[in-house]
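Participant: Have a look at this one.
The values are calculated or read from the model by the stated rules, or taken from the named source; none is laboratory data. Source: prediction; values computed, not measured. No Cβ is skipped: glycine too gets one built from the backbone with ideal geometry, and neighbour counts run over all protein chains shown. Accessible surface areas use protein heavy atoms only, side chains included; no ligands, DNA or RNA. Shrake-Rupley method; radii C 1.70, N 1.55, O 1.52, S 1.80 Å.
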Amino acid sequence: MIIRPPTNWLRMLFVWDGSVLKTIVPQLLIILAISLLAVYTHGHLFGGKMPLDTVPFPLVGVSLAIFLAFRNNAAYARYVEARQIWGRILIAARALMSQVINYLPADGDGFERKLFLQRLIAFVYALTHQLRKTDPSEDLARYLPKEEARELAGMHYIPIALLDRLRLMLARAARRRQDGGGESESLLWLLDKQVSELSAAVGGCERISNTPIPFAYGVLLHRTVYLYCFMLPFGLVGDLGAVTPLVCVFVAYTLFALEAIAQEISEPFGTEPNCLALNAMTRNVERSLLEQCGEDVPEALKPCDRYNIS
Amino acid sequence: MIIRPPTNWLRMLFVWDGSVLKTIVPQLLIILAISLLAVYTHGHLFGGKMPLDTVPFPLVGVSLAIFLAFRNNAAYARYVEARQIWGRILIAARALMSQVINYLPADGDGFERKLFLQRLIAFVYALTHQLRKTDPSEDLARYLPKEEARELAGMHYIPIALLDRLRLMLARAARRRQDGGGESESLLWLLDKQVSELSAAVGGCERISNTPIPFAYGVLLHRTVYLYCFMLPFGLVGDLGAVTPLVCVFVAYTLFALEAIAQEISEPFGTEPNCLALNAMTRNVERSLLEQCGEDVPEALKPCDRYNIS
Amino acid sequence: MIIRPPTNWLRMLFVWDGSVLKTIVPQLLIILAISLLAVYTHGHLFGGKMPLDTVPFPLVGVSLAIFLAFRNNAAYARYVEARQIWGRILIAARALMSQVINYLPADGDGFERKLFLQRLIAFVYALTHQLRKTDPSEDLARYLPKEEARELAGMHYIPIALLDRLRLMLARAARRRQDGGGESESLLWLLDKQVSELSAAVGGCERISNTPIPFAYGVLLHRTVYLYCFMLPFGLVGDLGAVTPLVCVFVAYTLFALEAIAQEISEPFGTEPNCLALNAMTRNVERSLLEQCGEDVPEALKPCDRYNIS
Amino acid sequence: MIIRPPTNWLRMLFVWDGSVLKTIVPQLLIILAISLLAVYTHGHLFGGKMPLDTVPFPLVGVSLAIFLAFRNNAAYARYVEARQIWGRILIAARALMSQVINYLPADGDGFERKLFLQRLIAFVYALTHQLRKTDPSEDLARYLPKEEARELAGMHYIPIALLDRLRLMLARAARRRQDGGGESESLLWLLDKQVSELSAAVGGCERISNTPIPFAYGVLLHRTVYLYCFMLPFGLVGDLGAVTPLVCVFVAYTLFALEAIAQEISEPFGTEPNCLALNAMTRNVERSLLEQCGEDVPEALKPCDRYNIS
Amino acid sequence: MIIRPPTNWLRMLFVWDGSVLKTIVPQLLIILAISLLAVYTHGHLFGGKMPLDTVPFPLVGVSLAIFLAFRNNAAYARYVEARQIWGRILIAARALMSQVINYLPADGDGFERKLFLQRLIAFVYALTHQLRKTDPSEDLARYLPKEEARELAGMHYIPIALLDRLRLMLARAARRRQDGGGESESLLWLLDKQVSELSAAVGGCERISNTPIPFAYGVLLHRTVYLYCFMLPFGLVGDLGAVTPLVCVFVAYTLFALEAIAQEISEPFGTEPNCLALNAMTRNVERSLLEQCGEDVPEALKPCDRYNIS
């Protein structure tokens, strides 16, 4: 994710980092080449004048507008939902930790609060690794007992397995409490609700990660945008003459860039500059949980020189 | 559902599998034929010049844009909701299994955890079959006792019947627990909530499956799109001459393709290439539940050679 | 609601049943007449040439697009919400019945499960009648004791009264259970939640039914659409000549039809062809509840010859 | 709110009551005057021809469309949400009353059900008065003991104070019950949930009432609409000549009217013809609660002669 | 936030405060300068006529409309969500206070209600400071014991720490109650739910505050708007001549202003004139809680002379 301080309207016109310009330069150069060809040949191709003027473009423009707007909205909705789910992870993890601290007896009673905290943090790291398809072993080893980390690393659904272990700890604590004569189950239910919330967040992330926007939309939009831009120079050259390349590249830039942004945003768990900062959010959950438990709080992640934060 | 690795922008222009091109080729050929006729006759029809120019098309374009955008959004909303409901099935099934494992006494106490697991998996398969209107007998027989499978196969609402049986198992376990002197009902409630969630998911799927987008929209959009495209060659031929067929087929492609995609997407439980991968999702639920119970985990379904996953 | 099997793209162009064409034929004939007049007089009216060309139509088109899109979206949102509420009725009724069967003692204990079932079914019928403003007496008499049916028929909020009676049955069962030494209230709460859900669904239906889309929108859209279509022939006749009637009727068809569909959809509990199939949904709830209780299941309602299902 | 029986498409063109026409007549007359001036001077102003043609209008039209669509959607979303909140008030009040009747012991046990009912009704009236900034004293005095009504009238947050009193009654009833040996708190919780729901509805209404759509939007839209309409006659007069006033007033009507409707709708608790019928809804809650308690039910409010219902 | 009494349609055209005009004056002057240059040179630049006419602008207009509409909707959605979260804070704080007053024993039993109230109010102030990145020390010192205020001021997540303390007070009260022989946990759960709601609101605010709309959108929109406006004078001068500056500045005003509003709105916790009135809302929560406890109620914040309320 790009986090930049607000900048002057003029400098904003020449920003490079964080714009998607770099990913679409080759295609823009192709459009530039076609435009120059059209200007050079005065729109003649294959030995004759291309009888193309500006008439067809608004007709295609209707479809184009619908495709682009839809694609962009669908992609952004995925991005926003992904961010909301991670917000819920922070919220549920904090609430669970706070409830455990305030409602469950301290370690003397057999409840290992420290282990609970470690597993909760490990859960968030494991989820990040699952979503980014990276290897969680190192982070698991950092927070969990060696044995447990190795065991988990071989599983398919690691975050779920960690939640199951948290649930087991809660169940045992409740049973010990009941044996001691207290009520237990309403409390269990209270705590279980937060675990379920975390589990729902995992399911939500998996859904976004596993189910892309239907493939056919991408193909259709891609073809429409590119055919439109390839035809544009021959349609405009009669009217605009030497300004054609400028206008065509400008139009192509707006269309290619929107398609490229939508592409990045629609996979919010990726590592492109406009994806979510999973690492920073994971660290943030960790920091908040550690502060709640009165432990030392590590540094928050900061954007790099290019304003990118992963 | 089509799952393809991201591909080059150039190859993306020539993708065949997963685009809806194959379903609209006949119609595009008809538009091509009409365009060629218009070029050949220089727009003369029935012995006279069709006095059609480009003027009316933007007027119809307003309606067309509204119809297409609406149809597409409505269809996609159904697709997304269907996917979310299946996400909730995964979430609720996992939570239910985890609660049963951690909070209910093991089989020694009379609760048949294994049967519970089998019924839960059978429930997901039964729902898939109901939504795809296929025969569930085989899958029921694979997971359930013979007797039960036969009994269920004769019912109208099989997934609901399976949930009722799960609820009965929970009720009995709670009663046994209460007789043993423990609290029971808060726990029952905790477990019941997940069963209710599964039952709500069934209701949601039935709703999407039984209530299409109002028929009149489809008719109206279909007529507008086709009349528009049929009239287009005669309107453009005066301006564009020999390029008319190219432009008309391009415009028609964007419109027909969007209508075709929206049609597929609006019935997300179907078996077209852009529908949901119910089988893969069912298998995913099964895999996750089995791993939670420490059982062997079968392979995940993979996309076929044509990138399709059912 | 129109339920038609998917049909050929060609036949779809000539569908009559379920399209709204029949409700707008008179207006289309008027547009045809005006268009013919415009062609006949070459756009002269009141002794002089109407200096109208195509210039103003795109200007009005902006407003028109906004009005139509808004009206249509608002109407469809009401339709979808109404359908979702009925989905929740099915879900809550099933869950309530399943909980009553599995958690409440059978009739021996004084709980009249059969009466409960009958009142629950009667509730759904009563709601349908209230929403369609039809007489519920017959259906009430079919499911309820004569006395009770007569008493209810005189009330203003019959579905609510039936829910209150269900709640009373649950309260008594809970009290009996408590007297017998068991826990009662968590269970009561579990069951109460489903009754509340049904009650919320009643409130939601009443809201949609009693609060139309603000009247001023309808007037504004109506006037804009009709003035636009009345002026259209005089604007187009200069350009299009003899084709004017064809184009004007086509444009008017798309606009009138969308307005007509939106009108039907915006009152989803009505009996127009594009309204919800309340009767079929009511029967579906009844069927599902009866199957849950092991009773005989009546036939589902089927679409009539004209593909309509009420 | 305007509630009119459905009317003929022709009469709908000439409706006066409930359209916003009356609020925009002065502005339309100004546009008419400017148009006539433009026709009279053939577009000459300040001694020279205004070189304005139709070119700039589509350019401004893009912004205009975005502003109008946004403003209208934002306003309607507020209207719909306000209506939904009032729907939830009806739902929660009914559920609370039903639970109190069925689960709490009758008055003999010290719970004053009648007072509870009166306070609940007074709550709804107090909320209506708060939202419309009218004096609640009269209605409070009608439903509450004199003392209490006077005390409340001096407070800032009257509906909240009434809910606090309802909560106190429930707390006392629960305590009495517990002292009598029964369970109390699950029941308390059940009832508390409905009070919380009512309290949430109050908060929601206050939010809509206190936070308008950001002011800058209104200014921007207003200026764009009026400048556009003021310039329009000079742009069209060259093309349209004597028809200019007709077209300009028509275009201005669609824009001014949409702005005016959006303005009314965006403050849904006001008393304009297109605002919510708070009084009728309040009466409806009262009627439903009274029928639940078996009390006499007053008449429902009916629309006045001009189809308006407040 | 700007709160102005409704004003005359004519005066609305000349409003200065609260419009974003002041922030875009420099850019508008630049457009004016370019337009005058274009008029002066009759569109000649670099020694030759710029062959730019109005053709390309509608082509870019499609992208522009999509970008502006998207950006604006995304920004407004953030604004609305932020406001809703603050609404939920008011609702949850009131409900928590009401439950504490009515369900928890008064101070004699060891529960310090006064401290609870102070911490709750301090929580809202601390959240406001966190979101506006201002120093909370003064407000913390005003409501909390000196010691506690100092301790909190050194933490990273102050509002969360305050909620944890509230939870601890509730846990202790519940334990005291249980020791006294009463039920405790259902009550605890009831109260815990409101604390969780407040905690969720904190998480929601942090999410909106920390995750801007993806940066690339802003760059893309900014460039498109400015290039469009820079090119506009040379495209229009041929048609419009001396009116060009008027039209160009008008078009630029609508585009720049919308971008500027969207920018302000998208950071709803800022201090620009169109941001949320956090201070006033904080005061409102404080007032409502104090009135619930029967304490003196301070004045509500009022808009300043320029109609601004922070």
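Participant: Three principal axis extents, largest first, for the C-alpha atoms of the stretch A:147-282, in Å?
Facilitator: 90, 32, 28
Participant: Using the Karplus curve 6.51 cos²θ - 1.76 cosθ + 1.60 with θ = phi - 60°, work out ³J(HN,Hα) for each residue of the stretch A:277-292 in order, rounded to whole Hz, and write x for Gly and Pro.
Facilitator: So the Karplus estimates, Gly and Pro as x, are 8, 4, 4, 5, 5, 4, 4, 5, 4, 4, 4, 5, 5, 5, 5, 4 Hz.
Participant: In whole percent, what relative contact order does chain B give with Cα contacts below 8 Å and a gap of six or more residues? Intermediate results must be reported in sequence, preceding the final value.
Facilitator: Values: 326 pairs, mean separation 112.8, N = 310.
The value is 36 percent.
Participant: Can you give the mean number of other chain Cβ atoms that lie within 10 Å of the Cβ atoms in peptide E:240-249? Kindly include the intermediate steps, with their values, before the conclusion.
Facilitator: Values: counts 7, 4, 3, 8, 2, 0, 5, 8, 2, 0.
Taking the mean over all residues of the peptide, I get 4.
Participant: Over all Cα pairs of the stretch D:1-153, how is the pair count split among 10 Å bins, expressed in % and running from 0 up to the last occupied bin?
Facilitator: Once binned at 10 Å, the Cα pair distances of the stretch D:1-153 give 8, 17, 22, 18, 14, 10, 7, 3, 1, 0.
Participant: Turning to a different aspect of this structure: First measure r as the distance between the Cβ atoms of A:VAL25 and E:THR271, then evaluate 1/(1 + (r/R0)^6) with R0 = 45 Å and state the FRET efficiency to the nearest 0.05. Could you put the intermediate results ahead of the total?
Facilitator: Details: r = 39 Å, r/R0 = 0.86.
For R0 = 45 Å, the calculated efficiency reads 0.70.
Participant: How shielded is E:74-85 by partner chains, expressed as the average number of their Cβ atoms within 10 Å of its Cβ atoms?
Facilitator: Working: counts 5, 1, 7, 2, 1, 4, 7, 2, 0, 4, 5, 0.
That average works out to 3.
Participant: Within a Cβ distance under 15 Å of E:TYR125, other residues only, what is the Lys/Arg minus Asp/Glu net charge?
Facilitator: Every neighbour counted, the sum reads +2.
Participant: Give the lysines whose C-alpha is closer than 26 Å to that of E:LYS193, dropping any in the same chain fewer than 8 places away, or say none.
Facilitator: Of all the lysines, those that pass the test against E:LYS193 - Cα under 26 Å, at least 8 places apart if same chain - are A:LYS114, A:LYS193, B:LYS193, C:LYS193, D:LYS193, E:LYS114.
Participant: From other protein chains only, count the Cβ atoms within 10 Å of every residue's Cβ in A:228-234, then give the mean.
Facilitator: Values: counts 4, 0, 1, 4, 2, 0, 1.
Taking the mean over all residues of the peptide, I get 2.
Participant: Send over the semi-axes of the stretch D:227-284's equivalent ellipsoid, whole angstrom and largest first, taken as the square roots of 5 times the C-alpha gyration tensor eigenvalues.
Facilitator: On the way: eigenvalues 295, 19, 5 Å².
Square roots of five times the eigenvalues give 38, 10, 5 Å.
Participant: Please name which of C:PRO105, C:ALA38, C:GLY294 has its Cα lying farthest along the dipole of chain C towards the positive end, using unit charges on Cβ (Lys, Arg +1; Asp, Glu -1) and the Cα centre as origin.
Facilitator: C:ALA38
Participant: Another one. Please list, in chain and number order, the residues 5+ apart from C:HIS44 or on another chain whose amide H is under 5 Å from its amide H, with Hs placed from the backbone.
Facilitator: C:MET50
Participant: Moving on. Rounded to the nearest whole Å², what accessible area per residue is found for the protein assembly as shown with the 1.4 Å probe?
Facilitator: Details: 56650 Å² over 1550 residues.
With the other protein chains kept in place, the protein assembly as shown gives 37 Å² per residue.
Participant: Under a cut-off of 12 Å between alpha-carbon atoms, report the aspartates and glutamates in cross-link reach of B:LYS146, not counting same-chain residues fewer than 8 places apart.
Facilitator: The qualifying aspartates and glutamates are B:GLU138.
Participant: For E:LEU168 and E:ILE3, what is the calculated FRET efficiency with R₀ set at 51 Å and r taken between the beta-carbons, to the nearest 0.05? Walk me through the numbers before you get to the answer.
Facilitator: Details: r = 39 Å, r/R0 = 0.77.
The pair E:LEU168/E:ILE3 has a calculated efficiency of 0.85.
Participant: Still on this model: Output the relative contact order of the stretch C:119-262, whole-number percent, from Cα pairs under 8 angstrom with separation of 6+ residues.
Facilitator: 17
Participant: How large is the dipole of the stretch B:1-134 about the Cα centre if only Lys and Arg carry +1 and Asp and Glu carry -1, each at its Cβ, rounded to the nearest 20 debye? Kindly include the intermediate steps, with their values, before the conclusion.
Facilitator: On the way: 14 positive and 6 negative charges, 25 e Å.
Dipole about the Cα centre, nearest 20: 120 debye.
Participant: What is the sum of charges around D:ASP296, taking Lys and Arg as +1, Asp and Glu as -1, for the other residues whose C-beta is under 12 Å from the C-beta of D:ASP296? Please list the in-between numbers first.
Facilitator: On the way: positive: D:ARG287; negative: D:GLU286, D:GLU291, D:GLU295, D:GLU299.
Local net charge: -3.
Participant: Taking only C-alpha pairs under 8 Å that are 6+ residues apart, what is the relative contact order of the stretch D:233-296 in percent?
Facilitator: Details: 21 pairs, mean separation 8.7, N = 64.
It rounds to 14 percent for the stretch D:233-296.
Participant: Taking all protein chains as present, what is the carbon and sulfur share of the accessible area of the protein assembly as shown, in % to the nearest whole number, probe 1.4 Å? Mind dumping the intermediate values first?
Facilitator: Values: 32900 of 56650 Å².
Answer for the protein assembly as shown: carbon and sulfur cover 58 percent of the accessible area.
Participant: Karplus couplings for the stretch C:59-76 from phi (6.51 cos²θ - 1.76 cosθ + 1.60, θ = phi - 60°), rounded to Hz, Gly and Pro as x?
Facilitator: With coefficients 6.51, -1.76 and 1.60, one gets 5, 5, x, 4, 4, 4, 4, 5, 4, 5, 4, 4, 4, 5, 5, 5, 5, 5 Hz.
Participant: Tell me the Rg and the Dmax, in Å, that the Cα atoms of the protein assembly as shown produce.
Facilitator: Spelled out, the Cα radius of gyration and Dmax of the protein assembly as shown are 33.6, 103 Å.
Participant: Okay, which of the stretch C:204-248 sit inside 18 Å, backbone N to the point 7 Å along the Cα-Cβ direction of B:PHE230?
Facilitator: In the stretch C:204-248, the label zone of B:PHE230 (backbone N under 18 Å from the point 7 Å along Cα→Cβ) covers C:243-248.
Participant: Could you list the square roots of 5 times each eigenvalue of the Cα gyration tensor of the stretch C:88-159, that is, the equivalent ellipsoid semi-axes, sorted largest first and rounded to whole Å? Each step should come with its number before you reach the end.
Facilitator: Values: eigenvalues 115, 48, 12 Å².
Value: 24, 16, 8 Å, ordered largest first.
Participant: Direction-averaged shadow area of the convex hull around the Cα atoms of chain D, nm²? Mind dumping the intermediate values first?
Facilitator: On the way: hull surface 83.6 nm².
In nm², the orientation-averaged hull projection of chain D is 20.9.
Participant: Additional query: Rounded to the nearest 0.05, what FRET efficiency is calculated for B:VAL297 and E:ASN210 with R0 set to 35 Å and r the Cβ-Cβ distance? Write out the running numbers ahead of the final one.
Facilitator: Details: r = 37 Å, r/R0 = 1.07.
E between B:VAL297 and E:ASN210, to the nearest 0.05, is 0.40.
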